[in-house]
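Working notes, structure below.
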Amino acid sequence: MNNNKEKCRLVLAPMQGLADPPMRDLLTRIGGFDECVSEFVRITHTVHSRPAWLKAAPELAAGGKTAAGVPCAVQLLGSDADNMAANALAAVRCGAEKIDLNFGCPAPTVNRHQGGAVLLREPERVFGIVRTLRRALPPHVPLTGKMRLGYEDKSLALENAQAIAEGGACGLTVHARTKSEGYEPPAHWEWIGKIARSVRVPVTANGDVFTLEDYRAIVAASGCRSVMIGRGAVMRPDLARQIKRYEDGRQADEMGFDEIARWMGLFIGLCMNLSGNEKYAVARLKQWLGMMKKVFPQAGNLFEEIRTVRGVAGILPVLAKYGG
């Protein structure tokens with residue numbers, strides 16, 4: 001391994017309803033991630049209170065880091081530049097050390113309210129939002145943006161990327177699909193390279209990284225050494241750890257399901273600590289198993305065994321059979 005090669009940087013994606021605080025805590029404990037990003041905080045007509053910020057990002061009460069010491073950026077979604085700036089300042093007062101802007105969410109409800117990917121129809125509006133927040137925030141607080149390649153098509157991809165960079169962002173993450181393409185394969189990794197060559201800020205590549213081989217391919221296609229991993233990190237909880245071991249020249253062995261089962265026990269505890277709600281903890285575990293069964297057949301078997309179980313007490317003995 002060439003020690004002079006630029007080190008890879010791995011970021012856990014801000015997946016709404018999936019990379020919630022317990023999942024961010026768990027995946028950053030397993031290892032490999034250098035940063036994570038909160039689920040988006042929707043900005044409308046009010047300035048959120050401290051309890052609201054702490055609910056969205058409990059990491060703010062711990063120096064802006066997860067229990068493993070991994071920094072967590074706070075992501076904002078909205079279109080009212082002035083109110084977004086006021087909320088960004090409120091988040092900083094609550095402990096946020098980095099603000100990220102969402103220009104990529106494809107959800108129809110979000111887009112109907114002029115948030116997320118729909119803003120990519122108007123690069124000048126994107127520029128105005130970024131510039132307003134950059135001017136409002138203290139100089140030491142990094143401001144970044146996350147975008148897709150466009151709304152209906154890719155015709156404004158470079159213009160939007162330049163709007164984010166020239167507006168004052170110090171970094172940009174690109175999900176290599178348009179809003180219309182949703183999450184359907186393929187992700188257009190070559191477009192990330194085009195964007196990276198068109199801006200003067202670091203670019204993080206995102207989209208369809210489910211395996212170590214995918215990581216190697218997205219780096220080769222985009223030329224980026226910073227990669228954001230989303231669903232792949234939930235389906236393979238040790239994916240970031242595998243990548244870091246590979247980059248360090250070590251054996252990148254995959255985690256066995258018995259180890260995953262032990263992490264599941266911790267995950268249930270983290271969900272309970274956050275909410276005190278067994279229904280939430282059980283539902284989140286079942287959601288996770290539903291995604292993992294695409295990679296691990298044992299996850300499908302475990303899901304079937306606990307399908308009708310409603311309480312944590314009924315799940316733990318079943319989990320123990322798998323190593324948890």
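The values are calculated or read from the model by the stated rules, or taken from the named source; none is laboratory data. Everything numeric here is computed off the predicted structure, so don't read it as measured data. Note: ideal-geometry Cβ built from the backbone for every residue, glycine included; neighbour counts use all protein chains shown. Keep in mind that these areas ignore ligands, DNA and RNA; they rest on the heavy atoms of the full protein, side chains included. Shrake-Rupley method; radii C 1.70, N 1.55, O 1.52, S 1.80 Å.
Label residue 190 and residue 291 with points 7 Å out from Cα along Cα→Cβ: what is the distance between them in nm?
Label-label distance for residue 190 and residue 291, simple model: 3.0 nm.
Between residue 82 and residue 34, take the C-beta separation as r, use R0 = 25 Å, and let me know the FRET efficiency to the nearest 0.05.
Given R0 = 25 Å and the Cβ-Cβ separation, E is 0.20.
Give the percent of DSSP beta bridges with both residues in the chain that are antiparallel, rounded to the nearest 5.
Among the beta bridges of the chain, antiparallel pairing accounts for roughly 5 percent.
Amide H neighbours of residue 294 under 5 Å, counting only residues 5+ apart in sequence or on other chains, H built in-plane at 1.01 Å?
none
If I take R0 = 41 Å and measure r between the Cβ atoms of residue 109 and residue 251 in this structure, what FRET efficiency does the formula 1/(1 + (r/R0)^6) give, to the nearest 0.05?
For R0 = 41 Å, the calculated efficiency reads 0.35.
Compute the Cα gyration tensor for segment 150-225, then decide on rounded, prolate or oblate, letting a ≥ b ≥ c be the square roots of its eigenvalues: rounded whenever a/c is under 1.5, prolate when a/b is larger than b/c in the other cases, and oblate in all that remain.
Oblate is the answer for segment 150-225, as a/c is 1.5 or above yet b/c matches or exceeds a/b.
Hey, with R₀ at 22 Å, roughly what FRET efficiency would residue 198 and residue 153 work out to, going by the Cβ-Cβ distance, to 0.05?
The value I calculate is 0.80.
How compact and how long is segment 95-135, expressed as Rg and Dmax of its alpha-carbon atoms in Å?
11.2, 33
How much of the DSSP bridge set in segment 36-124 is antiparallel, in percent, rounded to the nearest 5?
Approximately 10 percent, going by the DSSP bridge assignments.
Describe numerically, in nm with one decimal, the distance between label points set 7 Å from Cα along Cα→Cβ at residue 46 and at residue 68.
Each label point is offset 7 Å from its Cα along the Cβ direction, giving 3.4 nm.
State which entries of 55/179; 55/98; 194/294; 154/293; 5/179; 55/321 exceed 25 angstrom in Cα-Cα distance in the structure shown.
Pairs exceeding the cut-off: 55/179; 194/294; 154/293; 5/179; 55/321.
GluC sites (Glu not before Pro), restricted to segment 142-240: which are DSSP loop and have at most 13 other Cβ atoms within 10 Å?
Listed in order of number, the matching sites are 152.
For residue 272 and residue 318, calculate 0.36 nm times their separation in residues minus their Cα-Cα distance, and state this gained length in nm to one decimal.
In short, 14.8 nm is gained.
Using only the alpha-carbon atoms of the chain as identical scatterers, what base-10 log of I(q)/I(0) does the Debye formula give at q = 0.08 Å⁻¹?
At q = 0.08 Å⁻¹ the computed log10 ratios are -0.36.
Compute the Cα gyration tensor for segment 284-324, then decide on rounded, prolate or oblate, letting a ≥ b ≥ c be the square roots of its eigenvalues: rounded whenever a/c is under 1.5, prolate when a/b is larger than b/c in the other cases, and oblate in all that remain.
Oblate.
So, in Å, what gap is there between the alpha-carbon centers of segment 2-48 and segment 224-269?
Using only Cα atoms, the two centres lie 14 Å from each other.
Per residue of the chain, what 222 nm ellipticity follows from adding -39500 (n - 2.57) for every DSSP H run with n ≥ 4, rounded to the nearest 500?
-13500 deg cm²/dmol
I'd like to check one number: the per residue accessible area of segment 46-115, probe 1.4 Å, reported in Å² as a whole number.
40 Å²
Once phi is turned into ³J(HN,Hα) by the Karplus curve 6.51 cos²θ - 1.76 cosθ + 1.60 with θ = phi - 60°, what whole-Hz value does each residue of segment 51-68 show in order, with x for glycine and proline?
Coupling constants for segment 51-68: x, 5, 5, 5, 5, 6, 9, x, 4, 4, 7, 10, x, x, 10, 6, 4, 7 Hz.
Can you tell me how much longer the chain between residue 135 and residue 259 gets when fully stretched, taken as 0.36 nm per residue apart minus their C-alpha distance, in nm with one decimal?
Between residue 135 and residue 259, full extension yields an extra 40.0 nm.
Below 20 Å, Cα to Cα, which aspartates and glutamates can residue 279 reach? Residues fewer than 8 away in the same chain don't count.
Hits, sequence-local ones excluded: 20, 25, 304, 305.
Quick query: amide H of residue 9 versus all other amide H atoms, modeled in the peptide plane; which residues come in under 5 Å with a sequence gap of 5 or more or a different chain?
226, 227
Order the peptides 312-318, 134-140 from the highest to the lowest mean number of other Cβ atoms within 10 Å of their residues.
Highest mean packing first, the order is 312-318, 134-140.
On a 0 to 90° scale, report how tilted helix 157-166 is relative to the longest principal axis of the chain, with both axes built from alpha carbons and the result rounded to the nearest 10.
80 degrees
Per-residue counts of other Cβ atoms within 10 Å, averaged by peptide: what ranking do you get for 199-210, 292-303, highest first?
199-210, 292-303
Report, by chain and number, residues whose modeled amide H sits under 5 Å from the one on residue 206, excluding near sequence neighbours (fewer than 5 apart, same chain).
The list, which skips near neighbours in sequence, is 174, 176, 228.
Which ³J(HN,Hα) values, rounded to whole Hz and listed in residue order, are derived for segment 168-174 from phi using the Karplus coefficients 6.51, -1.76 and 1.60 in 6.51 cos²θ - 1.76 cosθ + 1.60 with θ = phi - 60°, glycine and proline given as x?
The phi angles translate into x, 5, 9, x, 9, 9, 10 Hz.
By how many degrees, 0 to 90 and rounded to 10, does the Cα axis of helix 189-198 deviate from the longest principal axis of the chain?
Value to nearest ten degrees: 40.
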